[in-house]
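Undergrad: One structure is given below, represented as structure tokens, and several questions about it will come after.
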Amino acid sequence: MAEMLALAALSANPDRFHLIDVRDAEDYAAAHVAGAVHIPLSDLEARRDKLPPGTKPVTICGKGGGRSAEGADMLCNLGRPDALWLEGGTTGWLAQNT
């Protein structure tokens, strides 16, 4: 099971992580974490080879939990045991950064 990344850890060293918003296109367009790429959860497995080496993948959803944890678990099972999911998701990040 993938581990959670605390919002404070992301803020302290953002270049260490590759942020992946796993929500649908409408949610991503409405608001997303700065620097996050959009890869819907349903496309994550097919696009896993496009994740850059040298950074830890961090999946993000709206509130931090369900879809992001599922995405990080998927990446762990597909050979990226360093995958994490973001505490609080987009909602938590926005609360601290707007």
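The values are calculated or read from the model by the stated rules, or taken from the named source; none is laboratory data. Every value quoted in this text rests on a predicted model; they were computed, and no experiment measured them. For the accessible areas, the whole protein counts, side chains as well, though only heavy atoms, and no ligand, DNA or RNA atoms are used. Shrake-Rupley method; radii C 1.70, N 1.55, O 1.52, S 1.80 Å.
Undergrad: What number, in nm² with one decimal, is the all-direction average of the projected area of the convex hull of the alpha-carbon atoms of the range 1-85?
TA: Mean orientational projected area (the range 1-85, Cα hull): 5.0 nm².
Undergrad: Got a sec to turn the phi values of the range 93-98 into Karplus ³J(HN,Hα) couplings, 6.51 cos²θ - 1.76 cosθ + 1.60 with θ = phi - 60°, whole Hz, x for Gly and Pro?
TA: 5, 4, 4, 8, 10, 10
Undergrad: Report the full-extension gain for the segment Ala8 to Arg47: residue separation times 0.36 nm, less the Cα-Cα distance, to one decimal in nm.
TA: Values: separation 39, 0.36 × 39 = 14.04 nm, distance 2.78 nm.
Answer, rounded to one decimal: 11.3 nm.
Undergrad: I need the phi-derived Karplus couplings for the range 54-69: 6.51 cos²θ - 1.76 cosθ + 1.60, θ = phi - 60°, integer Hz, Gly and Pro marked x.
TA: x, 10, 8, x, 10, 8, 9, 10, x, 10, x, x, x, 5, 5, 5
Undergrad: Using a 1.4 Å probe and counting only protein heavy atoms, arrange Ser68, Ser42 so the residue with the most accessible area comes first.
TA: Ser42, Ser68
Undergrad: Pop out the carbon and sulfur fraction of the accessible area of the chain as a percent, whole number, probe 1.4 Å.
TA: 51 percent
Undergrad: If you find the alpha carbon centre of the range 1-19 and of the range 40-80, how far apart are they in angstrom?
TA: Taking the Cα centre of each part, the range 1-19 and the range 40-80 sit 13 Å apart.
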